[in-house]
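We did not get these values from a lab; they are worked out from the coordinates using the rules stated. Everything numeric here is computed off the predicted structure, so don't read it as measured data.
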C-alpha cells in the first residue's frame, strides 16, 4: 500500500507543478485572461481522465499504483475545482457577469464533453 501512496504523492506533485507553470505562463502572456489557465487544464484533465479510465477498464492488468498515481495523483493535482471557483468569483467581483457565467458554463459543459470524448477515444 505504501507504493500506492508514493505514486499518488509523486503524481500529485507533478500535476500541481504543471498547473502552476501553466498558470504563470498564461498570467505572463495574457494577464487579462488569467482564467484560461484553469479552464485549459480542467478541460485537458477531463479529456485525459475519460480516456485513461476507459483504458484502465480495458486493461485491468495495469497496476493499482499506476492507475492511482495517474488518476488520483497527477490529474487530481493538475485540475482543481477550487481554482475554477476562485477565477469565477474574481470575474463576478470585477463586474464581468457575462464572462463569469460563460466561463462557468463552458467549464462545466466542456468538462463533461471532454470526459465523454476521452472515454469514447478509449473505447474506439
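Globularity index of the stretch 43-101 is 1.56 (Cα radius of gyration / 2.2 N^0.38 Å, N = number of residues). Rounded to the nearest 500, the 222 nm mean residue ellipticity of the chain from helices alone is -27000 deg cm²/dmol, with -39,500 (n - 2.57) taken per DSSP H run of at least 4 residues. Computed extension length for residue 113-residue 6: 35.4 nm, one decimal, from 0.36 nm per residue of separation with the Cα-Cα distance subtracted. The angle between the Cα long axis of helix 97-123 and the main principal axis of the chain comes to about 20°, on a 0 to 90 degree scale.
A Gaussian network model of the chain, with springs between Cα atoms under 10 Å, assigns the largest mean-square fluctuation among 107, 27, 16 to 27. The spacing between the stretch 1-71 and the stretch 94-124, judged by their C-alpha centroids, is 16 Å.
For the chain, relative contact order (Cα pairs under 8 Å, six or more residues apart, normalised by length) works out to 43 percent.
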